[in-house]
1. Taking the dipole about the Cα centre of the chain, with the C-beta of Lys and Arg at +1 and of Asp and Glu at -1, give me whichever of 142, 27, 465 is farthest to the positive side.
2. Which one, 381, 764, 726, is farthest towards the positive end of the dipole of the chain when Lys and Arg carry +1 and Asp and Glu -1 on their Cβ?
3. Give me the percent of accessible area attributable to carbon and sulfur for the chain, probe 1.4 angstrom.
4. Compute the FRET efficiency between residue 596 and residue 546 as 1/(1 + (r/R0)^6), taking r as their Cβ-Cβ distance and R0 = 22 Å, and round to the nearest 0.05.
5. Taking a virtual spin label 7 Å from the Cα of residue 281 along the C-beta vector, which residues in the stretch 416-437 bring their backbone nitrogen under 20 Å of it?
6. Per-residue accessible area for residue 692 at 1.4 Å probe radius, Å² rounded to 10?
7. Using alpha carbons only, how many angstrom separate the centre of the stretch 732-795 from the centre of the stretch 629-673?
8. List every residue whose amide H lies under 5 Å from the amide H of residue 788, counting only residues 5 or more places away in sequence or on a different chain, with H placed 1.01 Å from N in the peptide plane.
Amino acid sequence: MSVAEVFESMAYGPAPEAADAALQWIADHEPLGLFIDGQWQQPLGGERLDVINPATGGKLTSVAQAGAEDVNAAVSAALRAFDAWSALSGHARARYLYALARQLQRHARLFAVLESLDNGKPIRESRDIDIPLVARHLYYHAGWAQLMAEQFPGYGPLGVVGQIIPWNFPLLMLAWKVAPALAMGNTVVLKPAEFTPLTALLFAEIVERAGLPPGVINVVTGDSRSGELIVGHPDVSKIAFTGSTEVGRIIRRETAGAGKRLSLELGGKSPFLVFDDADLDSVVEGLVDAIWFNQGQVCCAGSRLLVQESIEERLLDKVRARMEKLRIGDPLDKAVDIGAIVAPVQLRKIQELVTQGVAEGAVMWQPSWACPTDGYFFPPTLFTNVAPATTIAQVEIFGPVLVSMSFRSPSEAVALANNTSYGLAASVWSENINLALDVARQIKAGTIWVNSTNLFDASSGFGGYRESGFGREGGKEGLHEYLRWIGGGKEDNPVVPRSTRHEAEDDQAGIDVLPAIDRTPKMYIGGKQVRPDSGYSRLVYERGGDIAGEVGEGNRKDLRNAVEAAHKAASWADGTAHNRAQILYYVAENLAVRDREFAARLISTTGASADEAVREVETSVERLFTYAAWADKYDGPIHRPPIRGLALGVPEPIGVMALVCPDESPLLAFVSLVAPAIAMGNTVVAVPSEAHPLSATDLYQVLETSDVPAGVVNIVTGRRDVLARTLAEHDDVSSIWYFGEAEGARAVELASAGNMKRTWVFSQPCNWYGGWAAQCEEFLRESTQVKNIWVPYGA
Ligand code: NAD
């Protein structure tokens, strides 16, 4: 064909990227082993897994299936390496991460080609998106290693972290996990997905070349069995998992009570909202990136098109015209838009869901052209006439399938957008910035893109709301997933010693210890004092064994009412932070007015000395002040990712939080839990100390007189572990904090898997006066989830 003829037809010719170097790399390294303690080892069990090229169905090579002995060896190596690695200066770790970034860039094309061969994604994407983002993550976190001592005083690494990743962005997910973990001084055992292990092994090679100490990064290949071994290993301090919600739930249950930290980046069904004033041509290109990027195998794929009814037909016509022009084929062809589906099992899953969509009455449309017949391909697919409750509108398809629904008003759009159990991401398209930002605020998702989609950067944390998981990767917030408080932490601060009560001391302080008045403190639900549904009360004793009073024996029904009341009070989050600060100051003021009464209660119930009791009340007042101060200051960062625009990291309230209080310091601990949660705009159901609940029930009178709106704080008394478990099972509770015993902590983590609520559990008494438990930012962080709103600009 002559050049003139090419100009005549403008047809694409083949533009293949050579695979020789990548295939040679594979050949040179066969049989591919496990990277443990800086050495390449073959699996002791001898089992191997085939690695297939999804574009051809042909075998590329095989990798090792790590068994128990291999995983043990990897964890031991990581444990041995931990002390020295975490003791290195941040600057030294920064140099290593920098070296990894450099190495990666030097071998960028090898990585990109190997990734496309293994995963089936177009080379255009692996070369221009995945690999540059990997480099960016390594550089960015080299910076955080450098700044660690200054920016995170009092914090240290967790230890050995187990990292388990999926197949859709094999190297990128590795970087999202490895970079922050190493920067903060942890050591790593990483397991890539069984379908896509190759770039992780090439990465291990550059780890070796960059001279990282043996054991700092270990890469073990294998299927779910190897993953389970990592999850269950007692020397692993944290599991960082990215994958399906189903497996996330299994891991939540497996790790319940094991004292392991956990972050879960799970599935999604992200909405792509188009308002009638949007620039429709940009929208169409946005949709291509939202749902046909990486064959739609993207956790945050814009898989639900929600379009305003008045422009629906016009937009869908444009979308179909664009779909007709998409090019599917060999992932190594540089002019291909859509590559291959990762594996036959995934292809089958897509086919089944599409068949189900048709059976449920939706209308399917696909382009006229046919897919290649070698390998695993699926055409871009559009569903219209989709009812919001049908399977294809609710379930993650994880393929190039777009379902379209329409709305009339912004509020209907928000309702539809929030109508799944997920909350990973959303795109909002409108030329009206007021509307776009207002809708962004109302959508329950961890990332919102305004007039854009699928933008990622190391500076901006990524992660889910609701059943899309918890924890963030990227940004400063992502580093906390790999840190714990160590400086003067609770480990170093045993519970405050309680001396027995001395009448003389009481007299000295001039505090009257009044005899108990016959009164039954009630529960506090929806701003009302209510009797327990059970009709039972429990006795509460004084230190000396006398009866101090009675409190209601809360049950499932009381908790249900309390959660409902907390839900109804959700507009607490919409008020200004200034208003919340004012109310917290007011609570402090009213508590201070009644300080003697509260101190007397502590003396009689806990046996605290007068000094200790006064100190507890005073510290509670001070803590309320502290969180009042924070209420309007805990703002998020503004990121400047490498686009023309900004990403706004907005800490948002989580929703309804359940706070299960410890027995020690019953007033101060209660205040220390409730104040940060409500300061950040959450509404709470609090279970006060089981042994000493009266300080908390006394407090509702203070709340009532301090303008705290009804339902913002609900108090249910009773047996801690029974109530905690019910709260952990409750689907309308978004987060639970539990301070109690190990068995109760385990039960809470286990039961929380139902709706993937966030948990924060402790089974050791804390010192609520100083050190860790007085560290406000820990509590504020656990009271919020960061939403990143990307706002590109340019006329
Ligand atoms: P998957 O859950 O099947 O597997 C993920 C990883 O977990 C693999 O390495 C697998 O071997 C391992 N694994 C499986 N069962 C295990 C077990 N019982 N114990 C320990 N490890 C186990 O997911 P997938 O099919 O590989 O990936 C697709 C899913 O990942 C989608 O749901 C997608 O939305 C999600 N995803 C989420 C994000 C995010 O950041 N939220 C990013 C990418 C992918």
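The values are calculated or read from the model by the stated rules, or taken from the named source; none is laboratory data. It should be emphasised that the depicted structure is a prediction, and the values quoted were computed from it without experimental measurement. Cβ placement follows ideal geometry from the backbone for every residue including glycine, while neighbour counts extend to all protein chains displayed. Please note that ligands, DNA and RNA were not included when accessible areas were found on the heavy atoms of the full protein model with its side chains. Shrake-Rupley method; radii C 1.70, N 1.55, O 1.52, S 1.80 Å.
1. Ranked along the dipole, the leading option is 27.
2. About the Cα centre, the residue reaching furthest to the positive side is 381.
3. Working: 15170 of 29600 Å².
In the chain, the share of accessible area belonging to carbon and sulfur is 51 percent.
4. On the way: r = 20 Å, r/R0 = 0.93.
Efficiency, rounded to the nearest 0.05: 0.60.
5. The answer is 429-432, whose backbone nitrogens lie closer than 20 Å to the label point.
6. Ignoring ligands and nucleic acids, residue 692 comes out at about 30 Å².
7. Distance between centres, Cα-based: 10 Å.
8. Under 5 Å from the amide H of residue 788: 447, 448, 650.
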